[in-house]
Amino acid sequence: MDETYIAVRCHGLVTHLLPRDVLGALASAKGLQDLTSILTPTDYGHRIVGLEKVDAQALEEAFNQVLAERFRYLVKLAPENLEGFMEAYARRLEVRNLSRLLRGKYSAASPGEIGAWLTPLSGLSRLNWDALLEAESLERAVGLLKGTFYEGLGGYVEPCSAYGSILPMEYALKRMYYMGVLDHAERLPSESREAILPLIGLEVDLANVSASLAPLVYGYSEDLTVQLLIPYHHRVSGSKLVEAVRAKSSQAALDALTPYNRVVEQILAGRDDLAEAEGLKILREEAEHAMRGSPIELPYTLGYLILCELECRDLSFIAVAVEHGVSPGGYLSV
């Protein structure tokens with residue numbers, strides 16, 4: 001069994017993704033009951049039917065649980081030669097959970113509040129979430145990560161305190177994640193590795209673009225920011241990223257990061273959610289392109305998982321927008 005088998009299985013799974021016209025109908029829903037009615041016949045139905053309380057938070061939890069199910073299925077399905085890479089790639093769900101937990105610890109939220117933000121990751125995480133939830137502080141939580149994939153986070157507690165933000169640790173988490181994925185990608189056959197690197201490289205670029213603007217937008221030191229950059233480049237070279245780190249004006253940053261100016265403009269304007277949406281639109285285009293070009297190879301599998309993530313995120317935005325009676329507008333990835 002090889003990457004062809006898992007890619008072929010994804011062809012069937014792709015048919016379960018929501019068409020764009022359905023996402024449009026959901027975005028136009030008059031209320032959460034309308035939204036849930038549309039979603040009941042889909043893969044989300046078994047998580048939505050029977051909810052004691054239908055609100056945006058409960059729906060987001062349901063969407064995240066379906067996303068975890070989709071990742072878990074493919075990780076279990078992975079042949080032996082892809083198992084390590086697929087586990088490393090799927091760690092992104094654990095990273096997202098951990099980022100939310102650490103953000104909660106930084107803001108002194110209660111264990112109950114933080115727990116409501118997390119997705120159960122049975123089969124996808126070996127972290128002791130109960131102990132992490134009960135940790136009395138950010139420092140204690142980070143201390144519990146010693147001996148795990150994330151033990152290097154201890155060095156970012158002080159920068160978080162110095163800059164009054166959890167962002168340095170979140171950037172560091174992304175760096176750890178992508179370095180792990182790239183390490184496992186190196187162990188793949190050369191043809192498979194080269195086929196997936198454009199997708200991974202695009203995600204790395206987007207993470208690096210955001211981090212490189214931290215001195216200009218948040219006043220971070222150049223030394224700290226360079227330390228947070230991921231040493232892999234796709235459309236933006238390392239020298240251009242350093243130019244962005246050292247930029248003293250918005251125009252200088254735009255000049256350095258030209259391939260991602262749609263994203264950069266939103267970050268510089270302080271519209272992080274719109275910046276994320278612009279980046280994810282680019283990622284969606286790349287994922288769909290990769291799937292068309294490699295219908296029975298590993299890029300098809302990664303493209304499918306990317307589309308699953310984008311669907312989950314878009315549905316979460318739609319649920320919040322519908323709950324508040326506003327349009328999700330340009331915040332979606334479609």
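Readers should treat all values here as calculations from the given coordinates under stated rules, not as data from a laboratory. The model shown is predicted, which means the values in this text are computed figures rather than measured ones. Methodologically, a virtual Cβ is constructed for each residue, glycine included, from the backbone with ideal geometry; neighbour enumeration extends over all protein chains shown.
Some notes on this structure:
- Taking 29 Å as the straight-line reach from the Cα of K248, the lysines in range (excluding those fewer than 8 positions away in the same chain) are K174, K240, K281.
- Spin-label model distance (nm) - R246 vs S190, 7 Å beyond Cα toward Cβ: 3.6 nm
- For the stretch 188-218, the residues whose backbone nitrogen is under 20 Å from a point 7 Å from the Cα of D255, taken along Cα to Cβ, are 209-210, 212-217.
- Read-out P(r) over Cα pairs in 10 Å bins from 0, in percent, derived from the coordinates shown; its label in (i) 5, 24, 33, 29, 9, 0; (ii) 5, 19, 24, 24, 19, 8, 1, 0; (iii) 6, 25, 33, 25, 9, 1, 0: (i)
- Ignoring lysines fewer than eight residues from K53 along the same chain, the ones with Cα atoms less than 21 angstrom from its Cα are K30.
- Across the stretch 310-334, the residues whose backbone nitrogen lies under 19 Å from the label position 7 Å along the beta-carbon direction of L77 are 310-312.
- Neighbourhood charge, 11 Å Cβ-Cβ cut-off, centred on N64 and excluding it, Lys, Arg +1 and Asp, Glu -1: +1
- Dipole check for the chain: with +1 at the C-beta of Lys and Arg, -1 at the C-beta of Asp and Glu, and the Cα centre as origin, the magnitude is about 140 Debye.
- Modelled label positions at D55 and S327, each set 7 Å beyond Cα in the direction of Cβ, lie 2.7 nm from each other.
- Label-zone membership for the stretch 8-22, site E288, 7 angstrom Cα→C-beta point, backbone N under 15 Å: 15, 17-22
- Over the chain: helical MRE at 222 nm, DSSP H runs n ≥ 4 each giving -39500 (n - 2.57), nearest 500: -22000 deg cm²/dmol
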